[in-house]
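Nothing in this text is a laboratory measurement; each read-out follows from the coordinates by a stated rule. It should be emphasised that the depicted structure is a prediction, and the values quoted were computed from it without experimental measurement. Quick reminder, even Gly has a Cβ in these numbers, built from the backbone with ideal geometry, and neighbours come from all protein chains shown.
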Amino acid sequence: MSRASGALLDPRNGPAFDLPPPRAPEQRYVIASLPRTGSTLLCRALWDTGRVGAPKEYLNPMQLRDWSVRFDGPAARLRYGLIRGPLLALVGHGWSAYRRDAHLSRVRARRSGPEGHFGLKLHFHHFQRFYGGRVESLGPARWILLTRADPVAQAVSWARAQQTGAWASTQRADLPPVYSRRRIQRALDRIHAFEAGWRQALQAAGVSPLHLTYEQLDADLTAACRRVLGHLGFRDADAIDIPAPTLVRQADGISADWIRRFRSG
């Protein structure tokens with residue numbers, strides 16, 4: 001393991017997870033997501049097919065930090081190497097469009113599928129930060145919109161993850177979950193605003209995305225993945241193997257109790 005690889009916060013940003021160079025020009029697809037909609041589950045499942053590259057949230061500040069540590073030399077490792085926790089949100093502020101595109105270019109060279117497919121997951125606030133809320137700024141792309149039919153459950157999940165630091169089933173909580181109606185309401189308000197923002201931006205650009213929900217992923221991940229593959233132009237989508245997911249649902253009795261408490265007022 002290289003020195004840079006050992007300093008990564010997400011091991012999947014390391015060279016061990018790089019893919020062979022694509023054999024065809026780029027075919028970009030964007031997963032327009034909201035927090036706690038199963039976007040990581042969907043991206044991991046698509047990655048595991050071996051057909052559409054390694055879709056990931058490559059403009060998330062933690063990802064920017066890791067790829068800068070990996071490629072930008074000793075100065076970047078010194079500058080970003082000790083950044084953890086809330087300070088990560090500062091990474092990427094002030095980046096120019098040139099620097100954004102240079103970052104994505106080196107990612108794309110290592111994370112595209114054999115036929116050129118490169119997947120970028122974007123939460124709405126990152127879309128606003130790096131593209132000014134303009135769909136056209138991303139260039140030609142196929143779009144998948146991912147939402148959740150139960151926004152209260154989504155807000156509870158988001159508020160809990162923010163508090164504990166456990167964003168996936170593979171991560172351990174840093175703090176125990178403590179119910180906060182104010183935190184949940186703040187998350188719910190942002191969910192409504194972000195979803196409306198995505199819909200307005202896509203409509204303004206004349207884009208008709210494939211729309212999936214968390215509930216559809218939860219009910220039948222294989223079917224959802226095959227719908228995405230069909231949307232991306234794979235005629236053999238129904239025959240592509242979808243490996244069993246390695247991530248599991250995080251919802252439990254605590255989440256159910258918080259949902260009941262919030263809805264009861």
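Near the amide H of GLN27, within less than 5 Å, lie the amide hydrogens of HIS117, PHE118, all on another chain or at least 5 residues away, with H placed in the peptide plane.
For region 87-95, the Karplus equation 6.51 cos²θ - 1.76 cosθ + 1.60, evaluated at θ = phi - 60°, returns couplings of 5, 4, 4, 7, 5, x, 5, x, 5 Hz by residue, with Gly and Pro reported as x. Would you work out which of GLY14, LEU210, GLY50 lies farthest towards the positive end of the dipole of the chain? Charges go on Cβ: Lys and Arg +1, Asp and Glu -1. Of the options given, the answer is GLY14. Extending 7 Å from Cα along the Cβ direction at LEU175 and again at ASP10 yields two label points whose distance is 2.3 nm. Between ARG260 and PHE17, the simple label model (points 7 Å from Cα in the Cβ direction) yields a spacing of 3.7 nm. The relative contact order of the chain, computed from alpha carbon pairs under 8 Å that lie at least 6 residues apart in sequence, is 27 percent. Length available on full extension from GLN128 to ASP72: 0.36 nm per residue minus the Cα-Cα distance, which gives 17.6 nm.
Working out 0.36 nm times the residue gap between HIS192 and ARG84, then minus their Cα-Cα distance, what length gain in nm do you get to one decimal?
Separation in residues times 0.36 nm, less the Cα-Cα distance, equals 36.0 nm.
Relative contact order of region 34-104: 24 percent, from C-alpha pairs under 8 Å at least 6 residues apart in sequence. Is the shape of region 47-107 best called rounded, prolate or oblate, per the rule: a/c under 1.5 gives rounded, else a/b larger than b/c gives prolate, else oblate, with a ≥ b ≥ c the square roots of the Cα gyration tensor eigenvalues? Prolate shape, in that a/c is at least 1.5 and a/b is the bigger ratio. Over the chain, dividing the summed -39,500 (n - 2.57) contributions of all DSSP H runs of at least 4 residues by the number of residues returns a 222 nm mean residue ellipticity of -14000 deg cm²/dmol. In this label model, ARG235 and TYR98 are separated by 4.4 nm, measuring between points 7 Å along each Cα→Cβ vector. The loop-placed trypsin sites (Lys or Arg not before Pro) in region 138-240, going by DSSP, that have at most 10 neighbouring Cβ atoms within 10 Å of their Cβ come out as ARG172, ARG235.
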